[in-house]
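Structure, as structure tokens:
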């Protein structure tokens, strides 16, 4: 009796927790509302199955608990029932898989008008690179990384000269413009993760990975590393700000290009630093 | 319908396989320490696994203390946190669950359940345990190595795993871990060959495959899978060891660590991930299938009803075993592998849900119109179904590639796999121990302590891991020693974390009651007799309890029926033992 | 991972074939009595079944090495070392070892102990020569500057040949035990015959593995894959 009751309580408690608790995903700030919707579909289907199975179990425990003189049924199998259950399960699985695969095909198809933004992970900070005026990122190689060239940009590649380099500072993105995030790492695995954008992808040294999204809400969002990358993993944070077009241009104008960063230091520049 | 008649019995052919020539121990050492008796080896395996599992349990408390009350415990530095986390994961998955289900339950139950006197190769079986013990000792040694054990996470992803930014990466920690895993695999292969060949070759007369209890089916299939999957981990470990010690670049790309260009170049971290998960995903089922098998037998015995859809259950085990080799990359949806793989692996992953669901339906349908005795094993079996269904269903979130994208590497994943391959199989382990302890020791475990243990463990574990899903849904990443103040998570998330920690400590301490019960009942438990649960399968029909070396006395049993003749209509009792030749009188089925 | 998947398809196919002979479709609750069905335990000795399964494990190990080899090969820095010519000689020697064991198997069946011993000794000797030859190949490579850490291809060469050599070494221990038995006994007992059978099975399998590895390390397998890819494209 108590066992059946507690099984019912588990179901009721789980549902109430789901509805009443304040813990839910943060408001979305990208175009991936479809992902949230697929997740909601999955919640409905799985929630129904969980409740049905556990409540059925609770009923059985209550109704068929041991009583003197009662013998259990002898029933080795029931082909028809099993076939039905298999078919219903298959339908449920398909109902989750179909929208999932549809959204995935969108997720991996980058629109042609997406601008490229490179994120470069490093223990334990975030660097970024924007393609500059020519709209193309220059070649890069981890073997070229030096103190002056922290992202390993190829100095011989003309496309790289006007690339905007942002070292350990905030990234700004213009609102409503699709961006293709090119992900690179100069040391170990990292993962560029902004909870509000929903999308994420590992960064693997030696290759360039990517994902795309369109920011849909201005604001300041935290970047976290989502792939264990060593002792400082939990403290590898950054900021992405989604700006209006004007704010974005204003910010962009204040950034330094690779050419300027790697130019030999001039005496005048040194003077400016000194008091 | 063919009933055994005396006439038919005369037709029994002589034993096709010659009786095993048993090794006869002469002294105390060869009886209890260097024993070749599968039952002693089983207890050695279980004892060692539980001991090292206890270490992993304590490590989980330390992690929970840090997560629930960040900044309170100075000695839990980020380095220490990652070391605790790595060792907790590796111990629980490999050195506790795999060793306990296959080395422990496999050794004890397979020979008894198929009517064999022992494993087919007792000497190799003994070696298997001692190599396992050596692997555990090497693992423990890494705690005392300079720099401490590795803190790379149980997935041991390169390149960080052997670099100085990861605890133990440049010290002996990672080397000892890899050596220990290699030893474990060698030891396991020795044991695994035994379990498989004993099922194929050691069965007694009348014990066809389709008469075997599902426990044996589960362990058998899991062992076959483990034999084929562990080589992937072996290859990954050996290649990693080469990268670490000999400077090869199998997995190591060109990289700059802490401003210094390393001598590696060109390697592929993704290659390691493929190898690791090619082992890692079957590993989930290597733990789950024995649990599936055992829980089927617990439910059937304690509901006094045959397992519903036995054939379907067997086929489902075999199909799940085969399918689990083509789903591995669902752990790598956001690893940067080719995105087209997502379509394939999401589909295979969700397909595997169908045979798994069939198993769940058949468990609950076995309860329907049963005669349910709410004994401790039954309670644990019911709790297993609740947690397994819960954890299995959240697997549908993570297996569906695009839904996995926001959830991967968050606490949702942690909650999911703890529910499905932590709590659920461990509940089966407990249920199985309450069920078979009387056979192993001749005494029952104490009921009151058992009830306390059950309720705290079940309700507590659910209270730990159910809310944890929502911590992940909020967006909290896994493997963070502290979250700090972030905009996307409110303060209430921290209170929830503190609640989870308190629940975890409570559940942890309840396990001490269980361990005490194991020891206390050895002397003080109620005398059990040979077959306290009135069960049908062979292990309960041994002439003496606990069964001696050789199990069966002068004659091995002959099997006349399947393992699930409970509540047969017209039979005088509500069970008919597998070796009972008596004809049964029942109507057309 | 295509190599290991193909290998697994073979293993799983074989398992399903075996299972299909185990009356998996029967309804066990309808069948009572010991005579029906009598056990279906195969007549093969347990050790042979065990060795068969062990070889599947070994096969899976080398299939995984081959998979890793192919996946690593795709990366730009791959530079396969030249094949040391001594490998041709080693291959012939390993073939000889297998032939010698086959002779030993036949001789043991016909109870000709002299010939059996001769076969065993020849197999052992040629296996040792094979191992020495493999070491010579390593020396030749490192003398030419192809050290293990220069390129992943070199790493694979040492790793895979080393792993294969260790398996031969393990086999030699078993072979030594069987030989000791064959020298002690005056006639070909069932134990000796079984031991020689097992050794032969193991050697044939390792020869097969070696031939596959040879094709892999010589780069022919890579060429074949490239041709297939072109064909498909």
Limited to region B:337-352, what total is found for residues that are within 8 Å of another protein chain (Cβ to nearest Cβ) and crowded, with 22+ Cβ neighbours inside 10 Å? 3
Only one of (1) facing another protein chain (nearest Cβ under 7 Å); (2) over 16 Å from residue B:457 (Cα atoms) fails for residue B:417. Which number is that? (1)
Filter result (modelled with pLDDT of 90 or more, over 25 Å from the mean Cα position of the chain (by Cα) and away from chain A (no Cβ under 14 Å)) within region B:163-206: B:172, B:175
Among the listed residues A:22, A:27, identify the single one that is surrounded by fewer than 19 Cβ atoms within 10 Å (Cβ to Cβ), more than 7 Å from every other protein chain (Cβ to nearest Cβ) and not in a helix (DSSP H, G or I). A:27
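Is it the case, given these coordinates, that residue B:268 is modelled with pLDDT of 95 or more and either surrounded by fewer than 24 Cβ atoms within 10 Å (Cβ to Cβ) or in contact with a helix residue (DSSP H, G or I) (Cβ under 8 Å, 6 or more places away or on another chain) (or both)?
So residue B:268 fails the test.
Residue B:86: within 14 Å of chain C (Cβ to nearest Cβ), surrounded by 16 or more Cβ atoms within 10 Å (Cβ to Cβ) and either at pLDDT below 95 or assigned to a helix (DSSP H, G or I) (or both), yes or no?
Against the criterion (within 14 Å of chain C (Cβ to nearest Cβ), surrounded by 16 or more Cβ atoms within 10 Å (Cβ to Cβ) and either at pLDDT below 95 or assigned to a helix (DSSP H, G or I) (or both)), residue B:86 does not qualify.
In region A:68-88, what count of residues is obtained for those that are more than 8 Å from chain B (Cβ to nearest Cβ) and part of a loop (DSSP other than H, G, I, E, B)?
Of the residues in region A:68-88, the ones more than 8 Å from chain B (Cβ to nearest Cβ) are A:68-69, A:79-80, A:83-84, A:87-88.
Keeping just the survivors that are part of a loop (DSSP other than H, G, I, E, B) gives A:68-69.
Residues meeting the conditions: 2.
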Picking from B:238, B:295, the residue that is at pLDDT 95 or above and surrounded by fewer than 24 Cβ atoms within 10 Å (Cβ to Cβ) would be B:238
Would you please name the residue that is farthest from residue B:114 (Cα to Cα), looking only at residues in region B:210-235 that are free of Cβ contacts under 8 Å to residues at least 60 places away in the same chain and at the interface with chain C (Cβ under 9 Å from one of its Cβ atoms)? B:235
When you scan region B:126-169, how many residues do you find that are within 20 Å of residue A:227 (Cα to Cα) and not in a helix (DSSP H, G or I)? 18
Residues of region B:241-265 classified as at the interface with another protein chain (Cβ under 7 Å from one of its Cβ atoms) and buried (at least 24 other Cβ atoms within 10 Å of the Cβ), total: 5
Residue B:390 passes all but one of the listed conditions (1) more than 30 Å from residue C:24 (Cα to Cα); (2) buried (at least 24 other Cβ atoms within 10 Å of the Cβ); (3) more than 8 Å from chain A (Cβ to nearest Cβ); the exception is number (3)
Scan of region A:179-211 for residues that are at the interface with chain B (Cβ under 8 Å from one of its Cβ atoms) and part of a loop (DSSP other than H, G, I, E, B), ordered by number: A:186, A:187, A:188, A:189, A:198, A:199, A:204, A:205, A:206, A:207
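Does region B:414-427 include one or more residues that are farther than 19 Å from residue B:294 by Cα and surrounded by 24 or more Cβ atoms within 10 Å (Cβ to Cβ)? Break it down stepwise before answering.
If we filter region B:414-427 for residues that are farther than 19 Å from residue B:294 by Cα, which is where we start, we get B:414-418.
Cutting the leftovers down to surrounded by 24 or more Cβ atoms within 10 Å (Cβ to Cβ) gives us B:415-416.
The answer is yes; a qualifying residue exists.
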Check off (1) more than 7 Å from chain B (Cβ to nearest Cβ); (2) in contact with a helix residue (DSSP H, G or I) (Cβ under 8 Å, 6 or more places away or on another chain); (3) buried (at least 20 other Cβ atoms within 10 Å of the Cβ) for residue A:106 and give me the number that stays unchecked. (3)
Criterion violated by residue C:88 - all others in (1) more than 30 Å from residue B:253 (Cα to Cα); (2) facing chain B (nearest Cβ under 7 Å) satisfied: (2)
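Kindly indicate whether residue C:96 is more than 7 Å from chain B (Cβ to nearest Cβ) and either in contact with a helix residue (DSSP H, G or I) (Cβ under 6 Å, 6 or more places away or on another chain) or within 30 Å of residue C:175 (Cα to Cα) (or both). Show your work before the answer.
Numbers: more than 7 Å from chain B (Cβ to nearest Cβ): yes; either in contact with a helix residue (DSSP H, G or I) (Cβ under 6 Å, 6 or more places away or on another chain) or within 30 Å of residue C:175 (Cα to Cα) (or both): yes.
Spelling it out, residue C:96 is indeed more than 7 Å from chain B (Cβ to nearest Cβ) and either in contact with a helix residue (DSSP H, G or I) (Cβ under 6 Å, 6 or more places away or on another chain) or within 30 Å of residue C:175 (Cα to Cα) (or both).
Tally time: how many residues in region B:363-379 are assigned to a helix (DSSP H, G or I), in contact with a helix residue (DSSP H, G or I) (Cβ under 6 Å, 6 or more places away or on another chain) and in contact (Cβ under 8 Å) with a residue 40 or more places away in the chain?
Residues in region B:363-379 being assigned to a helix (DSSP H, G or I), in contact with a helix residue (DSSP H, G or I) (Cβ under 6 Å, 6 or more places away or on another chain) and in contact (Cβ under 8 Å) with a residue 40 or more places away in the chain: 7 in total.
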I'd like the residue in region B:308-330 that is over 19 Å from the mean Cα position of the chain (by Cα) and within 10 Å of chain A (Cβ to nearest Cβ) and, out of all such residues, is farthest from residue C:7 (Cα to Cα). B:308
So, of the residues in region C:58-79 that are touching a residue at least 12 places away in the same chain (Cβ under 8 Å) and assigned to a loop (DSSP other than H, G, I, E, B), which turns out to be surrounded by the most Cβ atoms within 10 Å (Cβ to Cβ)? C:75
Taking region C:126-152 and keeping only residues that are surrounded by fewer than 19 Cβ atoms within 10 Å (Cβ to Cβ), facing chain B (nearest Cβ under 10 Å) and in a helix (DSSP H, G or I), one is left with none
Inspect all residues belonging to region A:150-166 and state whether any of them is within 23 Å of the chain's Cα centre (by Cα), in a strand (DSSP E or B) and either within 14 Å of another protein chain (Cβ to nearest Cβ) or in contact (Cβ under 8 Å) with a residue 24 or more places away in the chain (or both). yes
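Out of B:448, B:463, report the one residue that is surrounded by fewer than 21 Cβ atoms within 10 Å (Cβ to Cβ), more than 9 Å from chain A (Cβ to nearest Cβ) and farther than 28 Å from residue A:72 by Cβ. Break it down into steps so the answer makes sense when it comes.
Values: B:448 fails: farther than 28 Å from residue A:72 by Cβ.
From the options B:448, B:463, the qualifying one is B:463.
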Considering region B:479-496 alone, what residues qualify as being more than 7 Å from every other protein chain (Cβ to nearest Cβ) and either crowded, with 19+ Cβ neighbours inside 10 Å or outside any loop (DSSP other than H, G, I, E, B) (or both)? B:483, B:489, B:491, B:494, B:495
Please specify each residue of region C:190-222 satisfying the condition of being at pLDDT below 85 and either outside any helix (DSSP H, G or I) or in contact with a strand residue (DSSP E or B) (Cβ under 7 Å, 6 or more places away or on another chain) (or both). C:219
Considering only residues that are surrounded by fewer than 18 Cβ atoms within 10 Å (Cβ to Cβ) and either closer than 30 Å to residue B:568 by Cα or in contact with a strand residue (DSSP E or B) (Cβ under 7 Å, 6 or more places away or on another chain) (or both), which ones fall in region A:77-103? A:78, A:79, A:80, A:81, A:83, A:84, A:86
Within region A:212-229, considering residues that are within 8 Å of chain B (Cβ to nearest Cβ), in contact with a helix residue (DSSP H, G or I) (Cβ under 9 Å, 6 or more places away or on another chain) and part of a strand (DSSP E or B), the one surrounded by the most Cβ atoms within 10 Å (Cβ to Cβ): A:225
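The values are calculated or read from the model by the stated rules, or taken from the named source; none is laboratory data. If you're wondering where the values come from, they're calculated on a predicted model, not measured in any experiment. For neighbour counting, all protein chains shown are included, and Cβ atoms are generated from backbone atoms with ideal geometry for every residue, glycine included.
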